[in-house]
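Written below as structure tokens is the structure these notes are about.
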Amino acid sequence: MNKLCRLSLLAIVAFAMTGCSTIHNSISPDKLQSDLRASVEAPLELSGVESQVCIVHPIQAQPKLVRIPEPYNAKLYFLLDQTVFTPESTVESQEVYQTLIDRNDREVIISGHTDTSASNEYNDALSQRRSEKVRQDLIDFGVPSHAISISSEGEYRLLVDTPDETVEVRNRRVEINVR
């Protein structure tokens, strides 16, 4: 046991005395980095002192973190069989539009919807007109047209499940999603 302790102590002392000598041995005056360092692209600066100590300093600046804004979602509701907002959504639309201008997002997705109170074909066309109305409002408000895409869902993605021929204001909407 005593012999094992001496061997371990001797190995630790030998390792401490050699320090970074393996790195120093692979570097010459015309080669400032070892092949191992160069392979992992870690910058290396040797101290001017004749010691067995390596000093590594980062040369590159840390990359700046970019904060991505949280997604933004809004719903604006329409009067029955029209492309006119409900009174509440008329007021809210101005706040939503101003928020979109302030955020200056690159992509605004508008999705038009209807309730089930008419035929599928009619509702498809109505949801398209609602999407186009909000798109034009946003362009008039100052959102770049190239940042806006629209879709029409008709009565296929109901917010409130209802049977056919049912009037439901929460289904007569335009959803605005921003990323």
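Tabulated results
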| quantity | calculated |
| --- | --- |
| Residue identified as of a type in the set (A, V, I, L, M, F, W, C), modelled with pLDDT under 95 and farther than 24 Å from R67 by Cα among V174, V134, V178, V167 | V167 |
| Residue tally, condition closer than 12 Å to T83 by Cα and either among the acidic types (D, E) or touching a residue at least 60 places away in the same chain (Cβ under 8 Å) (or both), over region 94-136 | 3 |
| Per-region count, region 101-124, residues buried (at least 16 other Cβ atoms within 10 Å of the Cβ) and either closer than 20 Å to N171 by Cα or modelled with pLDDT of 95 or more (or both) | 13 |
| Near pairs, Cβ below 8 angstrom, 6+ apart or cross-chain, from region 69-82 (assigned by TED's automatic domain parsing to the domain that holds V167) to any residue that is part of a strand (DSSP E or B) and among the aromatic types (F, W, Y) | L76/F85; Y77/F85; F78/F85; L79/F85 |
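So that you can scan it fast, the table gives a plain yes or no per residue for (1) charged (D, E, K, R); (2) farther than 22 Å from L158 by Cα; (3) not in a helix (DSSP H, G or I):
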| position | (1), (2), (3) |
| --- | --- |
| T83 | no, no, yes |
| E88 | yes, no, no |
| Q98 | no, yes, no |
| R106 | yes, yes, yes |
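The values are calculated or read from the model by the stated rules, or taken from the named source; none is laboratory data. In this text the structure is predicted, and so the values were computed from the model without any measurement. As a convention, Cβ positions derive from the backbone with ideal geometry for all residues, glycine included, and neighbour counts pool all protein chains shown.
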